[in-house]
Each structure stands twice: as structure tokens, then as C-alpha cells.
Amino acid sequence: MADWGNPPAAAGDAWGTGDLSDALPDITQKSGGDGITEPPLVVEQKQPPQLEGWVQAKVYDYTADGPETWDGNARIYEWDGEVGDIGPEYPELELQLFGNPENREHHGIDFSAIASIELFQEGPARVNPIASFESAGLHPVMLRNVELAGYDAPTPIQRYCIPAISSGYDVIAIAQTGSGKTAAYLIPILNKLVGKAKKLAAPRPNPATYRPGVDSMVRAEPLVVIVCPARELAVQIFNEARKFCYRTMLRPCVVYGGGPIRDQIEQLQKGCDILVASPGRLIDFMDRPDALTLRRVRYMVIDEADEMLHDDWQDEFQKILSGGEQEEGNIKYMLFSATFPKSTRELAKSHLAEDHVRLRVGRAGSTHKNIKQNIIFVDSFMKKKALIDLLQSLPPTRTMIFVNSKRAADELDDFLFNQGVPCTSMHADRTQKEREASMRAFRKGESPVLIATGVSARGIDVRNVMHVINYDLPSTAYGGIEEYTHRIGRTGRIGHRGLATSFYNERDEPIASVLTRTLLETDQEIPDFLEQYVPEGAAREHLKFEADSDFDDAETTVDGSDAGNNDGGEATTDHAATGAADDEDGGW
């Protein structure tokens, strides 16, 4: 591969001041009778060259409109429910939800790295893990949905979460990105409700005969509320809920900022058992008591809790978590987080039952060995050439490229498109419609390269993302190593392998030390320019990370075993270790 630390002699001509006229759109200007040139009326986009091996780059038409263009209006299983509690199969919808059986993705192809990660039970209550989905006591319809979704074997977090939630415990789980957290709570929660919808759910119109705007309005009274920080993550969880609700009486809905509120109200008015929401839009609907009430909520899930609390959502959280008007103890709380800062601990103490299950998969904020991490030294002015060389040096594959600013995302999108790379981009300044269109194009493979800012780093799960590129490494002021972990976690998900390549130069020195320790933790190759940051002696054997301070010193020792009243719990077959919970502060 080319040396990107020293630019070639002709770099200025090739990548800086060369003639780009062939890559620019043809603009036809119409001159008025007074001699003043009017703004361009016709813009003709020339077709860019096609990069060898990749699909043809295409300009997306954002003028398309209609309810089907919003992800929140995606088709769900609707059955009039006049007879029985389980609906018939709908092959057409089944194909839409789960994909073609011949091409269906199977989660957990390679668990060799994930299964070796230690799972610690650190809370007051303990559960025995399940060995398989078949042994989890799932309803036959739920077991079938798990099979259709491509889950062959449970991940470590699923092995413990499913029995914990099924046994009625509150749960807090600190788990690595890509560990299967969404299914870990959706499967047991929905399984507990299968066959009980008629008894527990609020009255709702018959979907077969319902007429929006004509029939009387119905207030949504969900049984499950799932709150998450990002709009794209909310849509993703909603899509997973669509799968696991298939053939049940349970109806999922999603509400999120930027989406059409009228469409979201119409969806809620048809009935809602599982509500997935971003916090801002949920607060908005809670102030509309004619549209939504939380008085029937049985399960409250906070996904990516640490991220939301970083955004100072404490007051809103108190309103959400206590907005159900139920008696104390009626709601089961689930908190899922990649790290466990003090704000998250306080939130858990305030709402979780004293007798709860607390799980930690690996080190808080860590990644796993299924992701190969390459760090390459690239001077800032050589990054574009390095990126093109990198994309051409590897077989074409679904790729995410992360940058640190919205401007950089737009500029890189234009550059790559004009080089023939079939790409799309998304960031916070894009309209929600544009963001959803970009994600659809990326998921379908129409634009298999996605350029994104940190708005896409958390939780987004796209099938077969084989390569993540940190065009810009995250600065310490904006996420640092935690952001890095979430970014590269877009690949190597749920038992698959992936590749993460990061461009590094002098500007990234503040993250160098912890980046080196992260590479060492997962036995990655250390490049020469990072060798100076490799710790020596005992510090090399017992790597320390800032995220370790998320736990009280009396709670966890350097080697990850519980200190204090350790009961010497034996590791199970998946290397899960249990520690004591007899601390006077309940293990906190």
C-alpha cells in the first residue's frame, strides 16, 4: 500500500489543484432580456465514473414523497384477533420482515472470540444462564420468530438476560457494542406478553376495518416502553420488534424527532403495545394525554443509558420513568449501557428494585477480538488519496466511514461520489427524511458506502457491515476512546468478524495512549508509531482504562474479579464469572 505519510511529487496536481471540470455538473443558465443572468434553472448531473468492482454511484431522488418513505410507517403484522391469541402466517409479510430464507443472515456464525469474554454477575440477585433458545421456555411462536430472525445460539448477554427478565427481575446490563442487547430484552419481554394481550392491552380498533379520521380516536396505552438516544436506533429497535411481534396480538409503534408527528399519531391511534421512542418525542407525546398514557406500562427499557445521561436528560428521565401512574413495583426496569458512569448508577439506584440482576460483559467500554483493528499513519492532506487507495485495495464491501464534522461528511461525500464510489452520507443537519433515505440506500446496498458523523456511532446495526474506516479518529473532547469503540462496533456484530481501519497522525496524540491499550487488550498489532505508548511491566499485564473508574474501587479489582466479600463463584462454560453481592451498598 502507498506511503501516505509523505505525499508524492505530483500530489498537488492529482489531489489539490487539478482540473475537476469533468466531475462538476453541467449548468445551463438562462439569460433574461435585461442582460442579467438568472439563477440556474436546469442542473444536469453527469454520471460519475464507476469504481472497479463497485455498483454504479447514483444520485438519490429526495423529492419522492408519501407515507411509505417514513420508516415509522413500515408494515407490521395486523390481525383482527377475533379468534384465539395467535394469528395465522402471512408468507408475504414474513418475507418482508425476515428476508428470503436462502439469503437470511444467521447471527452467531463465529462466537469463538465473544464466548471467551467473561460475564460477571455483580448484582444482589443471580440467575442460571440458558444453554440455548430451545431451553429458554419460549412460547412456540416466539421460538419460531427467533429462528426466522436468524438467531442460532444466544450470545453471553442473551444467555443471562433472558432468564433474568423471564424470572421477573429488574436488570442492568453493561455490555459491549454488537453483543446482541436488543434481542436480549425484546425476546423475554415479548415472550412474557404473548397470549396475554387481550387481558392486558387497552381496547383498540379492528385494523381490518379502521378508518383514520373517521372512526373514533383511541388513546395509546403501551405495555412496554423502550427509550433510546438516536432516531436511527429507535427505528432499528422498532424493526426488530416488528419481527418478534409477528403472529402475536402485540402491536409495535415508534415515535422519534424529525418524523411526521401526524403519521405517528395515526399509528398510535390504531393501538400500541410496544412503544419505541426517542426521549424528546416521548416527552412531547406524554404532554398529549389524549394520544398517549403510560398507565398500563409493565416494562420500561432504557437503551444506551449512558449516552442519554451525557446529554443532560436527567429531568426528562424522571418524568418518563415516573410517568406511568402505577403503584410502586408494577414496572420492571431494564437499563442497558456500554459504560457505567456515576449518573447511570444513580438512575439505577432510584428506580431498580433492590433485588435486581446486574450483568457486565467484559470490561465496560471494551471491544472484542472479532474486529481486526488496523491503525495507519496518514498525514491530513493525504487522507483522500489514502481512502481511495484503501477502498480499491480491498474487495468491495459494505463500508462505514466516520468523520468528526458535518462539513467533512458533505465534502467527503462529494469527493467520493465524483470518484465513482457509490456512497451516501448522514449527519445531524440532514432532514429526517434524508437520514432515513440514506440508511435505506445503505441497507439495500444501493449505496454500500456510508459517510457519517457520530450520530450513527451508537447502536446502529446494518447487516454485513464488513469494514469501518475512521477517516477522522474521535477527539478526546468528543467521545474519545468510547466513541472509537462504538464506531468500530458497527462491524463484527453478534458473532461475525469485521475490519476497522483508522487514519492516525500527530493531531491524534491525545488518544494515542488509551488507543494503544485498547489494541493490546484484544491482541491487535501495534504499529511502530504507537510503540512508545505501550505500558511496561505490571501495567502491561493489568491494563488500566479510564472507564474502569465507572466502578467503585471496593467493587472490582484490576483483574476483573470482585473484591471484598468474593464468594469465589466458579466460571460457567461460557467463561462467565460470578462475584459477591454482599457489600453493604448492595454491590454498588
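Looking only at segment 105-126, decide whether some residue is at pLDDT 85 or above, under 26 Å from residue 305 (Cα atoms), aliphatic (A, V, I, L, M) and surrounded by fewer than 21 Cβ atoms within 10 Å (Cβ to Cβ).
For segment 105-126, residues at pLDDT 85 or above, under 26 Å from residue 305 (Cα atoms), aliphatic (A, V, I, L, M) and surrounded by fewer than 21 Cβ atoms within 10 Å (Cβ to Cβ): present.
Yes or no, residue by residue, for (1) at pLDDT below 65; (2) β-branched (Val, Ile, Thr); (3) outside any helix (DSSP H, G or I):
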residue	(1), (2), (3)
56	no, no, yes
59	no, yes, yes
63	yes, yes, yes
83	yes, yes, yes
129	no, no, yes
136	no, no, yes
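In this structure, is residue 229 assigned by TED's automatic domain parsing to the domain that holds residue 318 and touching a helix residue (DSSP H, G or I) at 6+ places or on another chain (Cβ under 6 Å)?
In short, yes.
Does segment 379-402 contain at least one residue that is over 22 Å from the mean Cα position of the chain (by Cα), over 28 Å from residue 482 (Cβ atoms) and among the aromatic types (Phe, Trp, Tyr)?
Yes: one or more hits.
Taking interchain pairs and intrachain pairs at least six residues apart, which have beta carbon atoms under 9 angstrom, with the first residue in segment 420-436 and outside the structural domain of residue 387 (by TED's automatic domain parsing) and the second surrounded by fewer than 23 Cβ atoms within 10 Å (Cβ to Cβ) and assigned to a loop (DSSP other than H, G, I, E, B)?
none
Output the residues belonging to segment 388-440 that are small (Gly, Ala, Ser) and surrounded by 22 or more Cβ atoms within 10 Å (Cβ to Cβ).
409, 425, 438, listed by residue number.
Looking at segment 531-558, which of its residues are hydroxyl-bearing (Ser, Thr, Tyr), in a helix (DSSP H, G or I) and at pLDDT below 50?
Across segment 531-558, the qualifying residue is only 549.
Looking at segment 253-279, I want the residues that are within 17 Å of residue 226 (Cβ to Cβ) and have a partner that is surrounded by 24 or more Cβ atoms within 10 Å (Cβ to Cβ) and of a type in the set (Asp, Glu) with Cβ atoms under 7 Å, at least 6 apart or on another chain. Which pairs are those?
Qualifying pairs under 7 Å: none.
How many residues, within segment 471-494, are within 17 Å of residue 398 (Cβ to Cβ) and modelled with pLDDT under 80?
Count: 3.
Sort out which residues of segment 303-344 are of a type in the set (Ser, Thr, Tyr) and either over 25 Å from residue 461 (Cα atoms) or at pLDDT 80 or above (or both), and write them in order of number.
Answer for segment 303-344, where residues must be of a type in the set (Ser, Thr, Tyr) and either over 25 Å from residue 461 (Cα atoms) or at pLDDT 80 or above (or both): 322, 333, 337, 343.
I'd like to verify a number: residues in segment 192-225 that are farther than 13 Å from residue 249 by Cβ and of a type outside the set (Lys, Arg), how many?
Of the residues in that region, 16 qualify.
Given the condition in a helix (DSSP H, G or I) and of a type in the set (S, T, N, Q), answer yes or no: does some residue in segment 302-316 qualify?
yes
Looking only at segment 237-261, which residues are among the small types (Gly, Ala, Ser) and at pLDDT 95 or above?
241
Could you please find all residues in segment 280-301 being touching a residue at least 60 places away in the same chain (Cβ under 8 Å) and part of a loop (DSSP other than H, G, I, E, B)?
Within segment 280-301, 289, 290, 291, 293, 294, 295, 296, 297, 298 meet the criteria.
Looking only at residues that are modelled with pLDDT of 80 or more and assigned to a loop (DSSP other than H, G, I, E, B) in segment 215-236, which one is farthest from residue 335 (Cα to Cα)?
This residue is 218.
The values are calculated or read from the model by the stated rules, or taken from the named source; none is laboratory data. Treat the numbers as computed from the prediction; the structure is a model and nothing was measured. Neighbour counts run over all protein chains shown; Cβ positions are idealised from the backbone, glycine included.
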